[in-house]
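Some notes on the structure that comes next.
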Amino acid sequence: MVPDRFEITRVFAAPRARVWDAWTRPEQLTEWFGPKGSHSEVLHFDLRPGGHLHTCMEGPDGSVMWGKNSYEDVDPPARLVWVQGFSNAAGEIVPSPFPMPWPLHMRTTVDFADDGDGTRVTLTWQPVDAAEEEWASFRQMLASMRGGWTGSFDQLDAFLGRGG
């Protein structure tokens, strides 16, 4: 059976408060978030339930994508939950740039837990109010999502190793 969500877990060799900061401080988030070779910019950041994160990411090929997260739960340093979507430069949610049907909204949950001297991060993604063809595309992209998040986690690991 194909899962109804995407999940990835990684243990980082850094204390939980340090890993939490890497996810919740804009100047740190831009240092690691996104595919290798990309550059992220935080345009708006309000970390609280009902708050938003608006970002712009430039890919290595010069392509530009915007995203908007709407925070639902902020429980330091244990959990972040937000609904995300692609946006335009003004922060309005827009359809994805993918050439396939894709959910307009995805719920992201990031759990942070102590793991020995390190921190275990578990991230899950699940479409919100998606049509069946959007669910089908989501399920087809599970391997690609794993590759993308593995790359981002590699960059987070390197950032944490530099002492950020």
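Here are a few things to note about the model shown:
- Close pairs from the stretch 3-20: first within 12 Å of Val110 (Cα to Cα), partner outside any strand (DSSP E or B) and of a type in the set (Phe, Trp, Tyr), Cβ under 6 Å, at least 6 apart: Ile8/Trp149; Arg10/Phe153
- Lone qualifier among Ala22, Ala89 - being touching a Cys at 6+ places or on another chain (Cβ under 9 Å) and among the small types (Gly, Ala, Ser): Ala89
- Selection of the stretch 12-42 for residues being hydrophobic (A, V, I, L, M, F, W, C), in contact with a strand residue (DSSP E or B) (Cβ under 8 Å, 6 or more places away or on another chain), buried (at least 17 other Cβ atoms within 10 Å of the Cβ) and outside any loop (DSSP other than H, G, I, E, B) yields Phe12, Val19, Trp20, Trp23, Leu29.
- All of Pro77, Pro95, Pro60, Pro99 fail the test of being assigned to a loop (DSSP other than H, G, I, E, B) and touching a residue at least 60 places away in the same chain (Cβ under 8 Å), apart from Pro77.
- Scanning the stretch 44-57 for residues that are among the hydrophobic types (A, V, I, L, M, F, W, C) and either free of Cβ contacts under 8 Å to residues at least 24 places away in the same chain or surrounded by fewer than 18 Cβ atoms within 10 Å (Cβ to Cβ) (or both) gives Phe45, Leu47, Cys56, Met57.
Bear in mind that the values in this text are calculations on the coordinates, not laboratory data. Bear in mind that the values here come from a model prediction, so they are computed numbers and not experimental data. Note: ideal-geometry Cβ built from the backbone for every residue, glycine included; neighbour counts use all protein chains shown.
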